[in-house]
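J.: Here you go, one structure.
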Amino acid sequence: MMKRFWEKWRKGWGAALACAGVLLAGPAVSAETHESPEMRWWQTAPVYQIYPRSFADTTGDGIWDIPGITRHLDHIRRLGAKAIWLTPVYPSPMVDNGYDIADYTAIDPVYGTMADFDRLVAAAKDRDIRIVMDLVFNHSSDRNAWFLESRQSRTNPKADWYIWRDAKPDGSAPTNWRSIFGGSAWTWCEERGQYYLHTFSPQQPDLNWENPAVRRALYDAARFWLDKGVGGFRIDAIPYIKNPAFRDGTPDGADGLVSIHTMTANTPGILDFLHEFKAEVFAGRDIFTVGEANGVHPEDLPQWVGENGVFDMVFEFSHMGLALKDGEIWCHPTPWKLTELKAALTATQEATKENGWCPVFFENHDQPRSVNHFFPPGADREKAAKAMATVLLTLRGTPFIYEGQELGYSNVAWPSIDDYNDISSHGQYKIALEEGFSPEKAMTFVHFFSRDNARTPMQWDNGRNAGFTTGKPWLPVHKDYARQNTAVEERDRGSILAWYRQLAGLRQRHRALTEGSCEMLLPSDEQVFAFARTRGQDRLLTVVNFSLEEAPLPESLTAGKKLVMGSEGPGERTRLRPLEARIYEAIE
Ligand code: NOJ
């Protein structure tokens, strides 16, 4: 009975939405967008993030390539995206899958050629999409020519391009800092008889930003890509570029070390460097910048974004780290509450509402899949993905959609640590064992946090290797790919992909969603995430049930409003079904 009703509703609504310009499984997004003089292009449309190795492979080597993106640009356009953030594609030994750059102004042959890149920029431009590059300027690869020279002696021209320090009198490392991937943050170099600092792996030595020649070289590299017509930059690990006094901290783990994050992230003086960076490279250009800023908190945002800030947006992580104990990175999941998620997002909204802008994101290549991360175990994947999408695309800010999120991808759980490629998962597993956890328990942490959860290849169809490659994929394809893939979702009007496209269409028709104010509602409700978006007479209300139980919905919230999108059909006005998402529009 219910099913028949729902089917009927879907057909009725499907038709109505199609008339209104929202085609359910087709191109929901029209070419036209409202352009407001006050808003910049990157504020009103989503950004789509592509992970280098896992998008689409045209050569059969099992690894993504640039022509693979060019082939699938229309998939991205139909989500309403105006920019693609491309995680690093530069030559790299791939110890950290490209976040260890050997040459800042070239393309790694495994991904294609510079001509392929230029063709991608042009093909994207034809679709009004810009390519955004990832600048990894806190560190380079240890195979970068700069480091190879620097490590040779204490007197060569690049001797001071990295952070070198003498050993302590007993020969041990200069400080007791633990790198983010585990182990000491210092590695000994025989040639110089000194240690060098690495916030991440030993193959990612930190560049010395105190040296003006280093800063000039980095700015030149960024300008190289601007000259190629890119639309902006995501700036990696930026809070670590300024090192405070080199002193020991209080150990916080069984290894006797202290997390480098607590010692060096966002320390005084960093903004001087970043203001220079902005003035030299970004100022006055029609591009956007988004800094990856773990360690920058909502109260810091006024200095980081907006007119007097250094970037257009920063990824601030307080809502992503709720399952982590204080200061910890990628270990021991701990329970968290919906009210904490709301409070974290509210703090970012508040800090940027007068002056500044923020990205909205729940996934990226370093995070678990959002259907696992933000919903209780046992949550229906499809419903959870639609619930997350509804918040992502209606909250104030620029939505960042991470590849596969628009298809509701979920985590993997491979049996052995040897199945994992992610360097941080290996570090996390080792730390867990050192702290006395059993190998089985340590694997549960890996299952929860591993970055490989987000790095499995895209699932394009239900053919061999999900249509990702004709060769052997570099990482196994998700086991559920036959049910979860783009081709299947394209054909289903009720799919997660169709829901994303409808949301993208709704954003185009309602300036309240792109430009309106945002009022967070029901802050102490542990089930329902609710907020209102308003721009003049255009007023929308989003309500999403994050729990697996029915949730009451105060009548006062929906009075005088009509439903414009509902993941479960019209339903009762005063209740939300488990994981249900609805958007209402004010009718007076
Ligand atoms: C943050 C990047 O997102 C992550 O993937 C990388 O491992 C580190 N920075 C080091 O570059």
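J.: Assuming 0.36 nm per residue, please report the length gained on full extension of the stretch Leu433 to Arg509 beyond their Cα-Cα distance.
T.: The span from Leu433 to Arg509 would gain 22.1 nm if fully extended.
J.: Additional query: Rounded to the nearest 10 degrees, what's the angle between the helix 212-227 long axis and the longest principal axis of the chain, both from Cα atoms, 0 to 90?
T.: 40
J.: Among the lysines, which have Cα under 16 Å from the Cα of Lys325 when same-chain residues fewer than 8 positions away are ignored?
T.: Cα-Cα hits under 16 Å: Lys337.
J.: Tell me the angle of helix 2-19 to the major Cα principal axis of the chain, expressed in degrees between 0 and 90 and rounded to the nearest ten.
T.: Helix 2-19 and the main axis of the chain meet at about 80 degrees.
J.: Assuming a viscosity of 0.692 mPa s and a temperature of 37 °C, what translational diffusion coefficient in µm² per second does Stokes-Einstein assign to segment 509-588, Rh being the Kirkwood radius over Cα pairs?
T.: Estimated via Stokes-Einstein, D reaches 260 µm²/s.
J.: Once label points are set 7 Å from the Cα along Cα→Cβ at both Thr534 and Asn462, what is their separation, rounded to one decimal in nm?
T.: That separation, rounded to one decimal, is 4.8 nm.
J.: Right, here's the next one. Could you give log10 I(q)/I(0) at q = 0.11, 0.16, 0.18 Å⁻¹ for segment 435-588, computed by the Debye formula over C-alpha point scatterers of equal weight, without solvent?
T.: Each listed q corresponds, in turn, to -0.65, -1.00, -1.08.
J.: Using alpha-carbon pairs under 8 Å, 6+ residues apart, how would you state the relative contact order of the chain in percent?
T.: 15
J.: Cβ neighbours within 10 Å, averaged per peptide: list 455-462, 525-532 in order, most packed at the top.
T.: Highest mean packing first, the order is 455-462, 525-532.
J.: Calculate, for Glu519 and Trp41, the FRET efficiency according to 1/(1 + (r/R0)^6) with r their C-beta to C-beta distance and R0 45 Å; round to the nearest 0.05.
T.: That gives a FRET efficiency of 0.95.
J.: Another one. With a 10 Å radius around each residue's Cβ, average the other Cβ atoms per peptide and rank 396-402, 190-196, 249-255, highest first.
T.: 396-402, 190-196, 249-255
J.: Placing +1 at every Lys and Arg Cβ and -1 at every Asp and Glu Cβ, with all other atoms neutral, what dipole size does segment 171-231 have around its Cα centre, in debye to the nearest 20?
T.: 180
J.: Further, regarding this structure: Assign unit charges at the C-beta atoms only (+1 for Lys and Arg, -1 for Asp and Glu), then state the dipole size of the chain relative to its Cα centre in Debye, rounded to the nearest 20.
T.: 1880
J.: Residues with amide H under 5 Å of Leu521's amide H, sequence separation 5 or more or different chain, H placed in the peptide plane at 1.01 Å from N; which?
T.: Ala530, Phe531, Ala532
J.: Using modelled amide H (1.01 Å from N, peptide plane; none on Pro or chain starts), what sits under 5 Å from the amide H of Ile131, excluding residues fewer than 5 places away?
T.: Ile84, Gly231
J.: On to the next question. Where the accessible area of the chain is counted over protein heavy atoms with a 1.4 Å probe, how much of it, in %, is carbon and sulfur?
T.: Exposed carbon and sulfur together represent 52 percent of the surface.
J.: Something else about it: If you count only protein heavy atoms with a 1.4 Å probe, what accessible area per residue comes out for the chain, rounded to a whole Å²?
T.: Here the per-residue accessible area is 38 Å².
J.: Using Cα pairs under 8 angstrom and six or more residues apart, how large is the relative contact order of segment 256-386, in percent?
T.: 20
J.: Further question on the same structure: Please enumerate, by chain and number, the lysines with C-alpha under 21 Å from the C-alpha of Lys562, excluding those fewer than 8 residues away in the same chain.
T.: Reachable lysines: Lys8, Lys11, Lys386.
J.: Using DSSP, restrict attention to beta bridges with both residues in the chain and report what percent are antiparallel, rounded to the nearest 5.
T.: Around 55 percent antiparallel, to the nearest 5.
J.: Which value in nm describes the separation of the simple spin-label points at Ala106 and Asp166, placed 7 Å from the Cα toward the beta carbon?
T.: Label-label distance for Ala106 and Asp166, simple model: 3.8 nm.
J.: While we're looking at this one, here's another question. Which three numbers, in whole Å and largest first, are the semi-axes of the equivalent ellipsoid of the chain derived from its Cα gyration tensor as √(5λ)?
T.: For the chain, the ellipsoid semi-axes come out as 40, 25, 25 Å.
J.: Please list the non-local residues whose amide H lies under 5 Å from the amide H of Cys358, H modeled 1.01 Å from N, same-chain partners needing a gap of 5 or more.
T.: Close amide H contacts, sequence-distant or interchain: Thr398.
J.: Run the simple label-point estimate for Lys278 and Thr339 please: 7 Å along Cα→C-beta, distance reported in nm.
T.: Distance between label points: 3.6 nm.
J.: In degrees, nearest 10, range 0 to 90: what is the angle between the Cα axis of helix 338-352 and the longest Cα principal axis of the chain?
T.: 70
J.: Grab the beta carbon distance between Arg483 and Asp419, set R0 = 22 Å, and tell me the FRET efficiency rounded to 0.05.
T.: 0.50
J.: Related question: Which order do the peptides 159-170, 375-386 take when ranked by the mean count of other beta-carbon atoms within 10 Å per residue, highest first?
T.: 375-386, 159-170
J.: Could you point to the residue in Pro473, Pro399, Ser438 farthest towards the positive end of segment 385-498's charge dipole, with +1 and -1 charges on the Cβ of Lys/Arg and Asp/Glu respectively?
T.: It is Pro399.
J.: Could you give the distance between the Cα centres of segment 127-172 and segment 361-382, to the whole Å?
T.: 35
J.: Given all pairs of different Cα atoms, what value in angstroms does the Kirkwood hydrodynamic radius of segment 102-203 take?
T.: Averaging 1/r across every pair of different Cα atoms and inverting gives 16.1 Å.
The values are calculated or read from the model by the stated rules, or taken from the named source; none is laboratory data. Keep in mind the model is a prediction, meaning the values are calculated, not measured. Ideal geometry is used to build each Cβ from the backbone, glycine not excepted, and the neighbour counts take in all protein chains shown. Side chains are part of the model used for accessible areas, which takes the heavy atoms of the whole protein and leaves out ligands, DNA and RNA. Shrake-Rupley method; radii C 1.70, N 1.55, O 1.52, S 1.80 Å.
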